[in-house]
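Every number here is computed from the coordinates shown, using simple stated rules; none is lab data. None of these values were measured; they are calculated from a predicted model. No Cβ is skipped: glycine too gets one built from the backbone with ideal geometry, and neighbour counts run over all protein chains shown.
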Amino acid sequence: MKAALWNRDRRKADALLERAREHCVAELPAHLEKCPVHALGTYPNNNWERLHAKSFKEQGLDFVSGRAEAQVRERTKPRFRVPGAWREENLEGKAVLRSIIADGRWARFRQSYLRTRRDHSRAAFQERIERAVAEGRIRPLAVGNGALLRQAVPLSA
């Protein structure tokens, strides 16, 4: 089937699907929603005009395989079936997170994200403290190693 699709040989693809249909079972196992043979036939029928991977490769153009497309669809389907999920401003972040989770990289991502947020929060806090010192609302406090620690001590104290 892959060769028939790669070479855009519609007759061969249809013939292979017909041969596969002869082996379909009358009743599907409980874990399947749709007959795999019928699902296999649906994709080429719905996307035949877009199946140009061989010519793209010959021209040196980038393209996405059907396997990659299916994986993206499976990873994103559960999260994107909610109201507002398909707004353009929501898509990229959700897709990236779904990919991170599906690849088993969530713990490492979370640790990195929290470290980044912590560092950002510290920098923002330090900036606010320095502004308060510059405005005379608080005074700096010297610590043991010679560094200055900005402490929120009102000048009236």
| C-alpha long axis of helix 36-47 to longest principal axis of the chain, angle in ° | 80
| With the contact rule set at Cα under 8 Å and sequence spacing of 6 or more, what percent relative contact order holds for the chain? | 11
| request: Any chance you could list P(r) for the chain, counting all Cα-Cα pairs in 5 angstrom bins from zero, rounded to whole %? | output: 1, 7, 9, 10, 10, 11, 9, 8, 6, 5, 4, 4, 3, 5, 4, 3, 1, 0
| said: Can you tell me the orientation of helix 88-102 relative to the chain, as the angle in degrees between its alpha-carbon axis and the longest Cα principal axis, to the nearest 10? | reply: 80
| field | Angle in degrees between helix 66-80 and the longest Cα principal axis of the chain, rounded to the nearest 10 | value | 50
| request: Please build a GNM for the chain, connecting alpha carbons under 10 Å apart, and tell me which residue among Val96, Val82, Val25 fluctuates the most. | output: Val25
| List the aspartates and glutamates whose alpha-carbon lies under 15 Å from that of Lys94, not counting same-chain residues fewer than 8 positions away? | Glu74, Asp103
| field | Proximal charge balance of Leu61 [Cβ under 14 Å; K/R count +1, D/E count -1] | value | +1
| request: Quote the FRET efficiency, to the nearest 0.05, computed for Glu89 versus Ala123 with a Förster distance R0 of 25 Å and r equal to the Cβ-Cβ distance. | output: 0.45
| request: In square nanometres and to one decimal, what's the mean projected area of the convex hull around the Cα atoms of region 1-60? | output: 4.9
